[in-house]
Structures are given as structure tokens and as C-alpha cells.
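Accompanying notes for the structure given below.
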Amino acid sequence: MDTLQALQTRNSIPFLTEPAPTSEQMQEIYKGALRAPDHARLRPWKFIEVRGSSREKLANIFISASKKLNDNLDDEDIDKLRNAPLRAPMIIVLAANIKEHPKVPKIEQIISLGASAQNILLGLHDMGYAAVWRTGKLAFNPEITHELGLEDNFEIIGYLYVGTSTGKEKPIPELDVNEFVDVWDE
Ligand SMILES: Cc1cc2nc3c(=O)[nH]c(=O)nc-3n(C[C@H](O)[C@H](O)[C@H](O)COP(=O)(O)O)c2cc1C
């Protein structure tokens, strides 16, 4: 697939099944992720790849962090959290390793991690895999940072749910470029 074709055809897919990419394939994809733009080369990227029964460990982290934030979780809420990581064979936790820098504020470091996440989505698409980026209450949540065993400077900006499409795909909307672009050319 050429680059523009990959950019224009990537489609988020929440209905995911086995197989997930192999570790060798993920190595190649992470090499692409590490080419995200990065002001002052702070390398604010951390990816936690969760596969197989480790997804249950992630579910327990979701439950225990959510309990700390909300005492009123009912059984249904807990079941939802327990099943959340099982919706895909592999999950990549996107953790921004935020560093103090006189010229590079936190928002720039988070944007850099966002760009690396998009590179991952595109790399997966290029290899024929499918994925969706999710956030919700399980992102930007210091309890999750803590439960994952990361230092306080880490910010969890979201999760990539990754696998193979079950075939249930949405059509890609056709947007009019002119609605989004102003050209100044005097
Ligand atoms: C930062 C971010 C957070 C998102 N969080 C969620 C989410 O929690 N749940 C969800 O269904 N979609 C979420 N989305 C949207 C999907 O990842 C996806 O972009 C959307 O379904 C549109 O599909 P498309 O990417 O194929 O256009 C999020 C997207 C971004 C960029």
C-alpha cells in the first residue's frame, strides 16, 4: 500500500478478533511510531503492549482505579470494566512520559504521543490489521497511571485496541476538503 492510500483508507474498527500482529511486526510498527515529530527530542513516548491473559491484569487495573475514583460502581459497571480489554486480542496503552522543559510544554509532548499513535494505526492498517483508539474515564486518570506502576509524570492519553477486523466495517465518510482548508496565496 502506498503512503497516501494508507492515509486515505485507514478506518477505525471496534469489532476485532485474532490474530493480533506478531511481535516482529510490532517491532517494525514501533519504529514508525518513534518517528513522530518530537520537539527537543524529549521522546515522550511509552507504549505498554498487553496481550493474552495479561488483558485480565489490565482489567483489574481498570477496576481498582475506577473503584478509587467512584465508590458507587455497581456489578454491571464492574463487568463492563472486566470485559473492556477483552474486546481485542491486543491493547496498546499510550503513556506520555512528560518531562519538564523550558520550551516544550506538556501539551506538545502529548501531541507528539498522539502523532506516534496515529503512526501505529497507519502501520497496522498497512499490514492489514485493524484498530481503534479509545479513551473515556480510563484515560487522563492519575489512578490508572499509579496502578500501572508508572511514575506520576506519566499521563495515559488512551488505548489502541488492536486485532483483525471481523469484517463489520463502517463506510469511510467522504468529506469535502474545502470545508476544512483555507488557502492564502496572494
Ligand atoms: C483521542 C481520541 C480518543 C477517542 N476515544 C474514543 C472512545 O473512547 N470511544 C470511541 O468509541 N471512540 C473514540 N475515539 C474515536 C475513534 O477512535 C475513531 O476515530 C472514530 O470511531 C472515527 O473513526 P475513524 O477514525 O475511522 O474516522 C477517539 C479518538 C481519538 C483521537
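The values are calculated or read from the model by the stated rules, or taken from the named source; none is laboratory data. All of these numbers come straight from a predicted model, not from anything done at the bench. Virtual Cβ from ideal backbone geometry, glycine too; neighbours counted across all protein chains shown.
Residue selection: L69 satisfies the criterion of being more than 19 Å from the chain's Cα centre (by Cα) and touching a residue at least 24 places away in the same chain (Cβ under 8 Å). In a residue-by-residue description of the range 37-50, the property of being within 16 Å of the ligand (Cβ to nearest atom), in contact with a Gly (Cβ under 7 Å, 6 or more places away or on another chain) and not in a loop (DSSP other than H, G, I, E, B) applies to no position.
Across the range 142-176, the qualifying residues are those that are over 30 Å from P105 (Cα atoms) and away from the ligand (no atom under 15 Å from the Cβ), and the one among them that is modelled with the lowest pLDDT is G167. Residues that are out of contact with any helix residue (DSSP H, G or I) (no Cβ under 8 Å at 6 or more places or on another chain) and touching a residue at least 12 places away in the same chain (Cβ under 8 Å) within the range 72-89 comprise R87, A88, P89, listed in sequence order. T3 versus (1) surrounded by 14 or more Cβ atoms within 10 Å (Cβ to Cβ); (2) away from the ligand (no atom under 16 Å from the Cβ): which is the lone unmet condition? The single condition T3 does not satisfy is (1). Look at L34 and say whether it is buried (at least 16 other Cβ atoms within 10 Å of the Cβ) and touching a helix residue (DSSP H, G or I) at 6+ places or on another chain (Cβ under 9 Å). Spelling it out, it is not the case that L34 is buried (at least 16 other Cβ atoms within 10 Å of the Cβ) and touching a helix residue (DSSP H, G or I) at 6+ places or on another chain (Cβ under 9 Å).
Looking only at the range 108-141, which residues are at pLDDT 95 or above, under 20 Å from N70 (Cα atoms) and more than 9 Å from the ligand (Cβ to nearest atom)? Scanning the range 108-141 gives a single hit, F140.
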